[in-house]
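K.L.:
Before I ask anything, here is the structure I am working with.
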Amino acid sequence: MSVRVIGISGSPHRHGNTETLLDSFLDGARNSGGLVEKVILKELSYTACMGCNACHKTGRCIVKDEAPGLFEKIMAADCVAVASPIYSMGITAELKGLIDRTQFIWARKFILKNLYFPTEQIKRHKGIFISTAGLSWDNVFDAAFPIITAFFNTIGYEYYDNIIANDMDRFKGIRGHPTALTEAFEKGEKVVRVIEALKA
Amino acid sequence: MPINVLAFAGSPRRGGNSETLLDWVLDPMKHEPDVQVEKIIVVDADINPCKGCNACEVLNYCVQKDGLVSIHDKIVAADIIIFASPIFCMGVSSQAKALIDRAQVFRSRKYVLKLPIVPPERKGKRLGVFLATAGQTWDRVFDGAVMSVKCFFHVIDIPDSDIHYLMIRGVDEKGAILSHKTAQKDAELLGKEMISTLRNRLEAVNRE
């Protein structure tokens, strides 16, 4: 069975640095035979979490939009790459809005306790964070990591790897970066082979 | 001149823990005759996410004409700016993050266009406050939120030394903060301190 890979672009820009880096990763995954789908968050119709906690009782989100369908797709996939540029030291509001909507999955795991991901299953599901930042600071991704960790934990994915590139302002964009696009392509190729081996 | 306090309630939940914490900070301020308090409910304020178009780097204003138009002016006019958010998934709420990201127009003004954020006589006089509540009790649960909130305050010309924090862990369900041992007392004290600090600063200016 083919390895299913979903790339989620959380940038408000089309074809900017982050989406280009994601594309390179997805091209690599395709090159290894992965079944690839890309979701552009700004084209998806969903609202932010309302913090109503209704899901703590029902395990379902009361908001009817396109977010729960995307989570179903994610749960049925083998690899998820979430991509966001760094804005104000964090991920975009669009991606944060999607991640906050996983509350119903969290509630099922920790409050209702009717959802459980065995360790072996988590190991077979690889989550990858793809990001670019204009600034050169070493810590520019630090506030994003815990959010991405929370996301992958909630959806039963192993936080497998980062594909991150800072200092975009100096490189004049991702295409000026010496290694990032190649690294992304190779990591895309590799993760599909790794998952294939785990599924065999 | 009255002291202008601008407060952002960044939770989608009305009357929840972070907004209650905010109200406790604002209460003593409201009792002062020379203080004007405005509370903005971020989810009702029509704030779209930043489009990342970078037009503000040239235009010095945001091309999006939404709730941020009036909020922009209020941020410039305020003496004390208070930002309250719950922690969702180890960060501020996405609605609060949208507000932070839209402060990009100030970042462009300050760092790209190198223009002042406030008139010279008000520079260094303003105060920022970050209030947060988290259901989790982890030591590092506020770390990511603080990094983004600092960006917000820095671009509106409030340096680290003028940002004050009150962050409460382990309060999840609505109303949980009401049974917290110290939150209300600390919040009210913080509200009083902010006003007296600001008054001292303004009086120092008047003496000069």
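Only the coordinates and a few stated rules stand behind these numbers; no lab work does. Small disclaimer: the values here were computed from a predicted structure and weren't measured. Reconstructed Cβ throughout: ideal geometry from the backbone, glycine too, with neighbour counts over all protein chains shown.
K.L.:
How large is ³J(HN,Hα), in whole Hz, for each residue of segment B:63-74 in order, when computed from phi with the Karplus curve 6.51 cos²θ - 1.76 cosθ + 1.60 and θ = phi - 60°, using x for Gly and Pro?
P.N.:
Using θ = phi - 60°, the values come out as 6, 7, 9, 9, x, 6, 4, 6, 5, 3, 5, 5 Hz.
K.L.:
Can you give me the long-range amide H partners of residue A:87? Hydrogens built in the peptide plane at 1.01 Å from N, cutoff under 5 Å, separation of 5 or more residues or another chain.
P.N.:
Under 5 Å from the amide H of residue A:87: A:92.
K.L.:
Compare the Cα positions of B:6, B:47, A:83 along the charge dipole of the protein assembly as shown (+1 at Cβ of Lys, Arg; -1 at Cβ of Asp, Glu; about the Cα centre) and return the one farthest towards the positive end.
P.N.:
A:83
K.L.:
With helices defined as uninterrupted DSSP H runs, which ones in chain A have an alpha carbon span along their own long axis of at least 20 Å and mean Kyte-Doolittle hydropathy of at least -1.0?
P.N.:
Qualifying helices: A:17-31, A:180-199.
K.L.:
Could I get the Rg over Rh figure for segment B:157-208? Both from C-alpha atoms, Rh via Kirkwood, rounded to two places.
P.N.:
Using only Cα positions, Rg/Rh for segment B:157-208 is 1.15.
K.L.:
Now, a different point. How large is the charge dipole for chain B, taken about the Cα centre, if only the Cβ atoms of Lys, Arg (+1) and Asp, Glu (-1) carry charge, to the nearest 20 debye?
P.N.:
Using Cβ point charges on Lys, Arg, Asp and Glu, chain B gives about 400 debye.
K.L.:
Follow-up. Can you give the mean number of other chain Cβ atoms that lie within 10 Å of the Cβ atoms in peptide A:2-12?
P.N.:
1
K.L.:
Using 20 Å as the Cα-Cα cut-off, could you pick out the over-long pairs in A:42/A:126; A:96/A:190; A:73/A:126?
P.N.:
In this structure, A:42/A:126; A:96/A:190 exceed 20 Å between Cα atoms.
K.L.:
Could you pull out the longest piece of chain A with no exposed loop chymotrypsin sites (Phe, Trp or Tyr not before Pro) in it, calling a site exposed if DSSP puts it outside H, G, I, E, B and it has at most 13 other Cβ atoms within 10 Å?
P.N.:
A:1-115
K.L.:
Can you list the residues, at least 5 places off or on another chain, whose amide H is less than 5 Å from the amide H of residue A:101, using H built in the peptide plane?
P.N.:
Under 5 Å from the amide H of residue A:101 lie the amide H atoms of A:49, each far enough along the sequence or on another chain.
K.L.:
Once Lys and Arg get +1 and Asp and Glu get -1 on their Cβ, which of B:77, A:107, A:184 lies farthest toward the positive end of the dipole of the protein assembly as shown?
P.N.:
Positive-end residue among those listed: A:107.
K.L.:
Per-residue ellipticity at 222 nm for the protein assembly as shown, helices alone: DSSP H runs ≥ 4 residues times -39500 (n - 2.57), over residue total, nearest 500 deg cm²/dmol?
P.N.:
Rounded to the nearest 500, the figure is -12000 deg cm²/dmol.
K.L.:
Compute the distance from the alpha-carbon center of segment B:74-133 to that of segment B:179-208, in whole Å.
P.N.:
19 Å
K.L.:
Where the only charges are on Cβ atoms (+1 Lys, Arg; -1 Asp, Glu), what is the dipole of segment A:1-43 about its Cα centre, to the nearest 20 debye?
P.N.:
My answer is approximately 60 debye.
K.L.:
A follow-up question, please. Would you kindly calculate the translational diffusion coefficient of segment B:1-152, applying Stokes-Einstein with the Kirkwood radius from alpha carbon pairs, for 37 °C and a viscosity of 0.692 mPa s, and quote it in µm² s⁻¹ without decimals?
P.N.:
After rounding, the answer is 203 µm²/s.
K.L.:
Take chain A, mark every one of the trypsin sites (Lys or Arg not before Pro) that falls in a DSSP loop and has at most 16 other Cβ within 10 Å, then report the longest stretch left between them, sites excluded.
P.N.:
Counting at most 16 other Cβ atoms within 10 Å as exposed, the longest clean stretch of chain A is A:114-171.
K.L.:
Turning to a different aspect of this structure: Given points 7 Å out from each Cα along the Cα-Cβ axis, report the residue A:199 to residue B:185 separation in nanometres with one decimal.
P.N.:
Going by the 7 Å Cα→Cβ label model, 5.9 nm.
K.L.:
Based on alpha-carbon centroids, what's the gap between segment A:88-125 and segment A:25-77 in Å, whole number please?
P.N.:
11 Å
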